[in-house]
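Trainee: Quick one: the structure is below, and I'll ask about it shortly.
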Amino acid sequence: MRKNIFTKIAAVAAATVLAVTALPALVSDTHAADDEYSYVYAGLTWQEYWANEGVYNAGDVTSSNEKDTHGEYDKGAFDTVTRATTNHGLHRGSYQCMATIDTEDGNKYELAGWSSDGKQMILTDGTQLSYNRGTITNADGSTSKVSSYEVTGIKYVPVKVKTSDLADFEQHYRVVKNGEKLYGGFGENKLSSYEYTAAVNADTNGLKTAVKNADGTYSFSARQTGSGKSFAEQDISVAANITSTVKDATGSYGEFLRVDINGDGYGALGAMMQAVKWTYYGNDATRTNAVATYGTKFAADNWMHKSMGIQLGLTDSARCQLPAGYDGTGYWSLTVYALGYTDTTIDFEATDANIVKIKAPVSDTSKLSAAIAAADALNEADYTAESWAAMKLEYEEAVDALAVAEYQADVDEATEHLTAAINALVKVDAGTPSDSEEPDNTDDSSVEDVPTGDANNMMAYLAAALLALTAGAAVTCRRKIKNVR
């Protein structure tokens, strides 16, 4: 199945490369001052978005059949991101990305967003269908099983287009006009769904100009920096109450360099995050002369967790190769482009301890086994349905990690996520997290804070832990995790 998916993507990418190998220069229009422009939101592919942003390998849609260290096909350029999983990505990707779902029976669904509880898919034509753990219930009552999904690009890019071209432009792109609704995501801990009224103007931050080429296709300018509104309901926002951390080298998601954003304000920024640009200055501490600039893609490089921050990475890929003579250490800036926000730039220095080289193989699964056993000892009836569902999602991925992980970083990441989810459980009668505190999002993967209840529960926990440790030791055949995220 995975091979067939890749073959399909490779064929599409190859055809696209022929069309965009030499991206047409933006057509000069001497009559621009005489023409009226329309301001809209449009869905652009990764290639279209980055083509004129001056990043490494801009305009390239080459895909790759080589897996990264996380076992995923993320080493291509600005091609479509494909995932053979139903966990997290479909919901998280719907905040700011265009997603197409493929099912085992050959159906395709163009996803626009979700209901507030995440149980109803909203398609681009307005149709709502029930969704439960990879199974779609169609309007006629039949069901379709998700086989994979594709994240093709950004769904709400502010665009300036000639009014005379607008009708044709709408035939080629998903367009949202001013006065119409923008929406995405669903409520999940620190992340909140949103619904706003489109209000693009000449000063909207991130605005691109669409120009119709002689062959009828469109090219897009570099994004402009502005301070105008994106939504009718509010003025432009500035990211606040966020902190950044350059992570020690683990390569948990296939990246070679990673920066996380946390703090009380990360959820609001993460829900609106569209793209991230990285600029590398080598040993130039003044950040005056850049040696390389890189564009990124959601799911392949950028992510946000419901309680553990925004996770930004650079992947050794066709969209990111370090210049000759550089190893990634030195001075960097990364800029988060988010809908309705001013640009958020973080300056940092990467040391040798931050650069992933060779990932260590699995050496210790005891903490992960103990966390799984702790979850097994809990009683679902004691906790709210929402917090239990969130924990079960991390639990299922932890069980998968215990069985198939090849690298210690994957095991440690799964342990950290499950432990945080257990500690964030909300008791039915208390209305507070199960440990009566906010979950600790540090890298301490122990489960000492996980509640175990009375003496009987403690005995059950110890017995379950012993069984889990025994089972873990018996795992002799490992394969790569498809998607711990």
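Trainee: If the viscosity is 1.567 mPa s and the temperature 4 °C, what Stokes-Einstein diffusion coefficient in µm²/s follows for the range 243-354 when Rh is the Kirkwood radius over Cα pairs? Write out the running numbers ahead of the final one.
Mentor: Working: Rh = 14.2 Å.
D, rounded to a whole number, is 91 µm²/s.
Trainee: If you average the alpha carbon positions of the range 294-348 and of the range 354-403, how far apart do those two centres end up, in angstrom?
Mentor: After rounding, the separation between the Cα centres reads 27 Å.
Trainee: Here's something else I'd like to know. Can you flag which of LYS75/LYS357; LYS297/LYS392; LYS277/LYS392; LYS367/LYS392 are past 24 Å Cα-Cα? Please list the in-between numbers first.
Mentor: On the way: LYS75/LYS357 16 Å; LYS297/LYS392 28 Å; LYS277/LYS392 34 Å; LYS367/LYS392 18 Å.
In this structure, LYS297/LYS392; LYS277/LYS392 lie more than 24 Å apart at Cα.
Trainee: Something else about it: Quick one: which residues, 5+ away or cross-chain, put their amide H under 5 Å from the amide H of ASN138? H built at 1.01 Å from N.
Mentor: Excluding prolines and chain starts, which carry no amide H, the hits are THR143, SER144.
Trainee: When LYS357, LYS208, LYS392 are ordered from fewest to most other Cβ atoms inside 10 Å of their Cβ, what list results?
Mentor: Taking fewest neighbouring Cβ atoms as first place, the list is LYS357, LYS392, LYS208.
Trainee: Let me ask something else. GluC sites (Glu not before Pro), restricted to the range 309-401: which are DSSP loop and have at most 12 other Cβ atoms within 10 Å? Walk me through the numbers before you get to the answer.
Mentor: Values: sites: GLU349, GLU380, GLU386, GLU394, GLU396, GLU397; in loops: none.
Passing both the DSSP loop test and the Cβ count: no residue.
Trainee: Going by C-beta contacts inside 10 Å, put ARG133, ARG83, ARG174 in order with the fewest on the left. Let's see the in-between values first.
Mentor: Details: ARG133 10, ARG83 25, ARG174 16.
Sorted ascending by nearby Cβ count, the order is ARG133, ARG174, ARG83.
Trainee: Next up: What distance in nm separates the two pseudo spin-label positions at THR243 and ALA385, each 7 Å out from Cα along the beta-carbon direction?
Mentor: 3.6 nm
Trainee: Here's something else I'd like to know. Extension gain GLU195-ALA214, at 0.36 nm per residue separation less the Cα-Cα distance, in nm? It would help to have the intermediate numbers written out before the result.
Mentor: Numbers: separation 19, 0.36 × 19 = 6.84 nm, distance 3.70 nm.
Extra length from GLU195 to ALA214 when fully extended: 3.1 nm.
Trainee: Which ordering of ASP125, ASP264, ASP410, ASP343 is given by a fewest-first count of other beta-carbon atoms within 10 Å?
Mentor: So the residues, fewest neighbours to most, are ASP125, ASP264, ASP343, ASP410.
Trainee: Simple spin-label model, 7 Å along Cα-to-Cβ: ALA202 to SER116 in nm?
Mentor: The modelled label-to-label distance comes out at 3.9 nm.
Every number in this text was worked out from the coordinates using simple rules, so none of it is lab data. These numbers were taken from a predicted model, which means no experiment stands behind them. In this analysis, Cβ positions are derived from the backbone assuming ideal geometry, glycine residues included, and neighbour counts consider all displayed protein chains.
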